[in-house]
């Protein structure tokens, strides 16, 4: 009964904080109660688990604070064009705010006809513009053809601009897997500064985590200019296991097991993820100077 009261109050407060077109509902069909927030423009609506928030509520956390936390999760994990072309009339600001949002091509290929996108090595990238602070609305925007037309921006310029922004704002970081797991609870970028790519800093493990300083969409750092070549200087030929959209695993070829085992590992991990927004790819990748970054067949 208390949980039902909590969810009812939570839904009412979230509706009051969202546009009138938004729909908020809860579901516990799979034994794990989740909350879903949808608007007519949403293409992806991942369910947000409620157990943690309910425990916080029981221990005295205010409902409005919980709502704010849920909206942060929602804005981080959902593609939502809440803003319009009129909110982004400044082309220069728009290009400076661009970021990449990686998605599994296998699972989200249906988005390709509707939004500007790029496909690199079997990974789908759409574009987001984080202008929430400037336009005064909740979240940023998913870049649409209408937005590009209004700002007179060519689609061909988006990938390079977004990648350059992310490289500047979220530089690549690499850590031995064991150290990364030990510090996973530390979200301060400064705590990972000592793991920037440099010779002699990666001797203890054979498996390394590649992400970015914010650990958000860190798999994009694999496409930063010069990054794959830099990794080759440190490791020689290496494999890339796409663990999620937020990071990839780097495994030197000399330490690798069989290709079949690595491919099976990738697919079994992906199959265990409830949220397909986290899945980057089902493919195994490798890098060598002759073929560059490529899918291992």
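Which ordering of 121, 67, 220, 32 is given by a fewest-first count of other beta-carbon atoms within 10 Å?
So the residues, fewest neighbours to most, are 32, 121, 67, 220.
I'd like the distance between the alpha-carbon centres of the range 208-224 and the range 266-284, rounded to an integer number of Å.
Measuring centre to centre over Cα atoms gives 17 Å.
Using Cβ contacts closer than 10 Å as the measure, can you line up 251, 181 from fewest to most? Could the numbers behind the result be given before it?
Details: 251 21, 181 11.
Result, fewest neighbours first: 181, 251.
Would you calculate the separation in nanometres between label points at residue 3 and residue 155, each defined as 7 Å from the Cα along the Cα-to-beta-carbon direction?
Label at residue 3, label at residue 155, 4.6 nm between them.
At a 10 Å Cβ-Cβ cut-off, how would you order 149, 246, 294, 117, fewest neighbours first?
Working: 149 10, 246 18, 294 15, 117 22.
Taking fewest neighbouring Cβ atoms as first place, the list is 149, 294, 246, 117.
In Å, what is the Rg of the alpha-carbon atoms in the range 200-293, and how long is Dmax?
Just the Cα atoms of the range 200-293 yield Rg and Dmax of 13.0, 38 Å.
Bear in mind these aren't lab numbers, they're just calculated from the coordinates by the rules spelled out. Quick caveat, the model's predicted, so the values are computed rather than measured. Cβ sites come from the backbone with ideal geometry, for glycine too, and all protein chains shown count toward neighbours.
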